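Visitor: Below you will find the structure I want to go over with you.
Coordinate-derived values only; no laboratory data. Note that this is a predicted model, so its numbers are computed, not measured. Here the Cβ positions follow ideal geometry from the backbone for every residue, glycine too, while neighbour counts run over all protein chains shown.
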Amino acid sequence: MSTVRLCLLGPPRLERDGQPVELDTRKTVALVAYLAMTGQRPGEETRTREALATLLWPEVEPRRARANLRRSLSVLKKGIGGECLVADRETIGTHPEAGIWLDVADFRRLLDSPRMHGHPESESCPDCLEALAEAVELYRGDFLEGFSLRDSGNFDDWQFFQTEGLRQELAQALERLVHGHSAQGTYERAIPYGRRWVALDPLHEPAQRQLMQLYALAGQRAAALRQYAECARILEAELGLSPAEETTSLYEQIRTSPVTGEEPVRPTLGKRYRLDSEIGRGGMAVVYRGYDTLLGRHVAVKILSKTTLDRESRARLLREAQAA
């Protein structure tokens, strides 16, 4: 059986036994992409010919649309081998045992693999970081980058939602890589992932702040300050807004913190607690290794999320602090 590789992250690319397969029309490319993606969901391995014809040739009368579909299917069978497809008079799909390698499926498999590592999902072990790094390496561009079917609004809508969903999954992977390497104190390794996270959505201030902090922790103070200036420029140009108070506060902490030799700049909290690497994360809070500059001792700093606490939760938190 032939080895077929289908890459949909970035410009679409199809290979058979290591050789590129050129499909003669954009509709055929759209057909194989749609079949491969929908074939990943249990119970949806096949699609009716009528639905596919309507999706790809919405403005063509039904008989001609089905004829166009038959032609595209014939071209696709020659390109990847008939054994890779399942087709009858009513439905078309990919063969579940054909072994078609799909980059989107591998990307999602790698993202999901940390769940099997036997620790809370909020944590990242070295194996987690390795799998996540491999996943983001697979993401060579947005879904079907540079491709569209201008005469099929439904296909373009489907492509748009696939693209947005995959971009969100990439952002989550990059965020986990940033937090994971930060927790290990490997800030230099985290910085490229932080940059890519910011590039996905420059208006996302939490990512901007995280990158500023990474630069500061790595001792790249000037880069951290430049990142704030770039963040401010983008927000003003795109939204007519200034950075949030939290972002500006971090900027001021970095700008005014003394730097001795190669000692990295450490963000401070309340002008007293110097924050170091993350050591724990839960549903309501993040715990950092810290240093109390007033009393001169090492501490753990627990920062709650912005979720509003009820009276019972506040009382429980106070008891926890008193016990500590």
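Visitor: Charges at C-beta only: +1 for Lys and Arg, -1 for Asp and Glu. How large is the resulting dipole of segment 64-175 about its Cα centre, in Debye rounded to 20?
Guide: Working: 13 positive and 21 negative charges, 213 e Å.
Value, rounded to 20: 1020 debye.
Visitor: Which GluC sites (Glu not before Pro) in segment 61-170 sit in a loop by DSSP (not H, G, I, E or B) and have at most 13 other Cβ atoms within 10 Å of their own Cβ?
Guide: The qualifying sites are Glu90, Glu97, Glu121, Glu145.
Visitor: Can I ask one more? Quick one: which residues, 5+ away or cross-chain, put their amide H under 5 Å from the amide H of Val86? H built at 1.01 Å from N.
Guide: Gly93, Thr94, His95
Visitor: Here's a follow-up. What spacing in nm lies between the two simple spin-label points modelled at Asp157 and Arg319, each 7 Å away from Cα in the Cβ direction?
Guide: 5.3 nm
Visitor: Contour minus end-to-end for Gln168 and Glu252, with contour as 0.36 nm per residue of separation and end-to-end as the Cα-Cα distance?
Guide: Working: separation 84, 0.36 × 84 = 30.24 nm, distance 3.04 nm.
Residue separation times 0.36 nm, minus the Cα-Cα distance, leaves 27.2 nm.
Visitor: Once you charge only the Cβ atoms, +1 for Lys and Arg and -1 for Asp and Glu, what is the size of the charge dipole of the chain about its Cα centre, to the nearest 20 debye? All intermediate terms of the calculation are to be shown ahead of the outcome.
Guide: On the way: 44 positive and 47 negative charges, 68 e Å.
Magnitude of the dipole: close to 320 debye.
Visitor: Please label the shape of segment 122-258 as rounded, prolate or oblate, based on the square roots a ≥ b ≥ c of the eigenvalues of the alpha-carbon gyration tensor (a/c under 1.5 means rounded; beyond that, a/b larger than b/c means prolate, else oblate).
Guide: On the way: a/c = 2.94, a/b = 1.41, b/c = 2.09.
The shape class here is oblate.
Visitor: I want to verify a result. In a Gaussian network model of the chain, Cα cutoff 10 Å, which of these has the top mean-square fluctuation: Arg64, Arg196, Arg314?
Guide: Arg314
Visitor: Rounded to the nearest 500 deg cm²/dmol, what is the calculated helix-only ellipticity per residue at 222 nm for the chain, with -39500 (n - 2.57) per DSSP H run of length n ≥ 4? Kindly include the intermediate steps, with their values, before the conclusion.
Guide: Numbers: 11 runs with 165 residues, N = 324.
Computed mean residue ellipticity for the chain: -16500 deg cm²/dmol.
Visitor: Just to verify a number: FRET efficiency for Trp101 and Leu304, C-beta to C-beta distance, R0 = 25 Å, to 0.05?
Guide: Numbers: r = 44 Å, r/R0 = 1.76.
After rounding to 0.05, the efficiency reads 0.05.
Visitor: Give the shape of the chain as rounded, prolate or oblate, defined through the alpha-carbon gyration tensor: a ≥ b ≥ c are the square roots of its eigenvalues, a/c under 1.5 means rounded, and otherwise the shape is prolate if a/b is larger than b/c and oblate if not.
Guide: Numbers: a/c = 2.64, a/b = 2.34, b/c = 1.13.
It comes out prolate by the Cα gyration axes.
Visitor: Toward the positive end of the charge dipole of segment 101-218, about the Cα centre and with charges on Cβ (Lys, Arg +1; Asp, Glu -1), which of Ser124, Leu144, Gln159 goes farthest?
Guide: So the residue we want is Ser124.
Visitor: In a Debye calculation with equal point scatterers on the alpha-carbon sites of segment 87-176 and no solvent, what is log10 I(q)/I(0) at q = 0.13, 0.20 Å⁻¹?
Guide: Relative scattering, expressed as log10 I(q)/I(0), comes to -0.59, -1.02.
Visitor: Related question: Put +1 on the Cβ of every Lys and Arg and -1 on every Asp and Glu Cβ in the chain; which of Gln253, Thr3, Ala216 then has its Cα farthest towards the positive end of the dipole?
Guide: Final value for the positive-end residue is Gln253.
Visitor: So, one more: Once you have the Cα-Cα distance between Arg226 and Ser148, take 0.36 nm times their residue separation minus that, and quote the gain in nm to one decimal. All intermediate terms of the calculation are to be shown ahead of the outcome.
Guide: Numbers: separation 78, 0.36 × 78 = 28.08 nm, distance 3.69 nm.
Fully extending the segment from Arg226 to Ser148 adds 24.4 nm.
Visitor: Report the extension gain between Cys125 and Glu90 in nm, rounded to one decimal, defined as 0.36 nm multiplied by the number of residues separating them, less their alpha carbon distance. List each step's numbers first, then the result.
Guide: Working: separation 35, 0.36 × 35 = 12.60 nm, distance 4.79 nm.
Additional length available on full extension: 7.8 nm.
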